[in-house]
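Participant: First the structure, which I've put down as structure tokens, then a few questions once you've had a look.
The values are calculated or read from the model by the stated rules, or taken from the named source; none is laboratory data. Just so it is clear, the model here is predicted, and its values are computed rather than measured. FYI the Cβ positions are ideal-geometry reconstructions off the backbone, even for glycines, and counts take in every protein chain you see. What goes into the accessible areas is simple: the full protein's heavy atoms, side chains included, and nothing from ligands, DNA or RNA. Shrake-Rupley method; radii C 1.70, N 1.55, O 1.52, S 1.80 Å.
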Amino acid sequence: MTIDVLSVSSEAVPLIKTGGLADVAGALPGALAPHGVKMTLMLPGYPAAMQAVRKGKVVHEWDSLLGEAARLVSGKINGFPLLVLDVPAYFSREGSPYTDHSGHDWNDNWRRFAAFGRAAADLAAGAVKRRRFDVLHAHDWQAAMALAYLRFSPPEGGRRIPSVMTIHNMAFQGYFGPEIFPRLGLPKSAWTLDGVEYHGGVSYLKAGMEAASAITTVSPTYAAEIRMSEFGMGLEGIVASRSERVFGIVNGIDTGLWNPETDPELAQPYTAAKLARRKRNKRGLEVEFGLDPDEGPLFIVISRLTWQKGMDVLVETLDHLVGTGARLALLGSGDAELEASLHAAAARHPGRIGLRIGYDEALAHRMQGGGDAMLVPSRFEPCGLTQLYALAYGCVPVVARTGGLADTVIDANLAGLAAGVATGVQFAGVHYHSLATAIDRTVELYGHPKVWRTIQRNGMKCDFSWSTSGRAYAELYSQLMAEGQ
Ligand code: ADP
Ligand code: GLC
């Protein structure tokens, strides 16, 4: 039996991406197909998404979705079914999907993503001809209102199907003032503690979590962490109260897109058996980043430049990193202040620290293929994909012991090395000393080429494909269907 799932997300590769959510939403249909799941992805009609369905069919129209006429257009993404919600007034904006050109949240985000949720709920409930779904699966706050609408205001004659709310990052909750509530078109009964109300306003993520048949997040450790106030960001109480409904399913990686043997971005493709070939890629990176060529370790960072990612602590340790004889190539964008301090560090250490501020997918691949080690000093990390790509590419991950980083990297301590299972370096607590010590340990390991190669190969042998996690989602869907809600 095929399970028909409607996956609702604000991002998906290759059409729209600001972070790992896009990689995951884009990969899920393919990851689930072998497990008897037919997944249809629904995206907002951002310019790139509209372009992808320009020859598509209009499968439904709304006279008004929170005040604007809307259409649902069908197409394909990565060979799988795609539905795009076309509302030019909400989504036809270039640049970031969430912020204006000066980096401020669009002030109608509440309306844009409520409309997206309203449309998804209608679709999930069967209001669109010839589309029938067994499970509604929403990702992050931008899609969460779908669950609230399905629960409190299903379309007439609509079916209430089971739902999954996946939290990719608890730090982003979609919180708005109470004045929006009357404009959402929800009944008064939704304005409750176990509805959409949260601290006197409306929280989209919380609304989705309350309405969901199951809540998932993207690693087992993060699923446990969000029960605590340090990581729950205020929603730990709900996680705890629904704890038998909370599951951690670690993300996989798209091994078609991230494979050092076939990666078209690499000057020199390679395998675990031919690690020496990485050298040519490393030389290329040195040139691209204006770094001195030498045999010492080349650290890389590919990251949003934010507090979550511990980039302020990275900045503090850069003098130390250079002092060990290592070099750093960093690709990232985000906080202006962090960008400025990184520029200052690069100016202090010409030839030792190279920067690329911006977003560059192809360069991210080249960095994984040429860097020796990747630094990921996140304060919290629901899953993290960059360390998974690093493992696949033999670029040794050096990670904070939190969330998915703790679940996916095996520390090269004495026991890990003796057992021959180490895949990287972990450190506890994100501050100057822990990171500086981790850098020292990495440089030391790099100085023992045989040990280093073993760590690289161990990482490359790990299976981070979607096969296990794809099955876990499929089993969850079947279980929810068997329960009926
Ligand atoms: P998050 O989603 O929290 O940003 P992840 O590690 O899950 O963290 O995913 C980040 C994704 O975004 C990865 O695919 C990574 O390669 C990519 N990425 C992050 N910053 C950049 C950048 N500046 N240029 C290119 N790719 C980037
Ligand atoms: C979020 C998290 C990241 C996770 C990604 C995909 O952006 O910050 O840890 O890997 O979602 O689930």
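Participant: Run the numbers for E339 and Y175: contour at 0.36 nm per residue of separation, minus the present Cα-Cα distance, in nm.
Facilitator: 56.3 nm
Participant: Next question. As a test of understanding, state the convex hull volume per residue of segment 272-461 from its alpha carbons, in Å³.
Facilitator: 101
Participant: Still on this structure: Need one word for segment 138-222: rounded, prolate or oblate. Basis is the Cα gyration tensor (sqrt eigenvalues a ≥ b ≥ c); a/c below 1.5 gives rounded, then a/b vs b/c decides.
Facilitator: Oblate.
Participant: Next question, about the same structure. If you place +1 on the Cβ of every Lys and Arg, -1 on the Cβ of every Asp and Glu, and leave all else neutral, what size is the dipole of the chain about its Cα centre, to the nearest 20 Debye?
Facilitator: Magnitude of the dipole: close to 1280 debye.
Participant: So, one more: For the chain, what does -39500 (n - 2.57) per DSSP helix run (n ≥ 4), summed and divided by total residues, give at 222 nm, in deg cm²/dmol to the nearest 500?
Facilitator: One gets -11500 deg cm²/dmol as the mean residue ellipticity at 222 nm.
Participant: Give me the count of lysine pairs in segment 15-133 whose alpha carbons sit under 19 angstrom apart, restricted to pairs 8 or more positions apart or on different chains.
Facilitator: Total qualifying Lys-Lys pairs in segment 15-133 comes to 7.
Participant: Where nothing but the Cβ of Lys and Arg (+1) and of Asp and Glu (-1) is charged, how large is the charge dipole of segment 271-352 around its Cα centre, in debye to the nearest 20?
Facilitator: Dipole magnitude for segment 271-352 comes out near 680 debye.
Participant: Moving on to the next point. Would you mind getting the accessible area per residue of segment 272-461, heavy atoms of the protein chains only, 1.4 Å probe, in Å²?
Facilitator: 37
Participant: In addition: Using +1 at the Cβ of each Lys and Arg and -1 at the Cβ of each Asp and Glu in segment 272-461, identify which of A276, I302, L405 lies farthest towards the dipole's positive end.
Facilitator: A276
Participant: While we're on this one: Pop out the carbon and sulfur fraction of the accessible area of segment 272-461 as a percent, whole number, probe 1.4 Å.
Facilitator: 58
Participant: Here is a further query. Tell me which lysines have Cα within less than 24 Å of K450's Cα, excluding those fewer than 8 residues away on the same chain?
Facilitator: K274, K279, K282, K461
Participant: Report the local net charge at V287: Lys and Arg +1, Asp and Glu -1, summed over other residues whose C-beta lies under 12 Å from its C-beta.
Facilitator: +1
Participant: Using a 1.4 angstrom probe on heavy atoms only, work out the carbon and sulfur share of the accessible area of segment 81-208 in %.
Facilitator: Taking all protein chains in place, segment 81-208 shows 52 percent carbon and sulfur surface.
Participant: Find the centroid of the Cα atoms in segment 327-366 and in segment 172-232, then give the distance between the two in whole Å.
Facilitator: If we compute the Cα centre of each part, the gap is 36 Å.
Participant: Another question, if that's okay. Could you give the size of the charge dipole of segment 272-461 about its Cα centre, using +1 on the Cβ of each K and R and -1 on the Cβ of each D and E, expressed in debye and rounded to the nearest 20?
Facilitator: My answer is approximately 880 debye.
Participant: Once you keep just the Cα pairs under 8 angstrom separated by 6 or more residues, what percentage relative contact order results for the chain?
Facilitator: Here the relative contact order equals 12 percent.
Participant: Same structure, new question: Would segment 1-66 count as rounded, prolate or oblate if I go by the C-alpha gyration tensor, calling it rounded below 1.5 in a/c and otherwise prolate when a/b exceeds b/c, oblate otherwise?
Facilitator: oblate
Participant: Please identify every one of the trypsin sites (Lys or Arg not before Pro) in segment 14-58 that sits in a loop by DSSP and has no more than 10 other beta carbons within 10 Å of its own beta carbon.
Facilitator: Qualifying residues, ordered by number: R54, K55, K57.
Participant: Angle between the Cα long axis of helix 278-288 and the longest principal axis of the chain, 0 to 90 degrees, nearest 10?
Facilitator: 80
Participant: Give me the log10 of I(q) over I(0) for the chain at q = 0.08, 0.11, 0.12, 0.13 Å⁻¹, as the Debye formula computes it from C-alpha points; what are the numbers?
Facilitator: Log-scaled intensity ratios, in q order: -0.49, -0.91, -1.06, -1.21.
Participant: So if R0 is 22 Å, what FRET efficiency would H431 and M228 give, r being the distance between their Cβ atoms, rounded to the nearest 0.05?
Facilitator: 0.70
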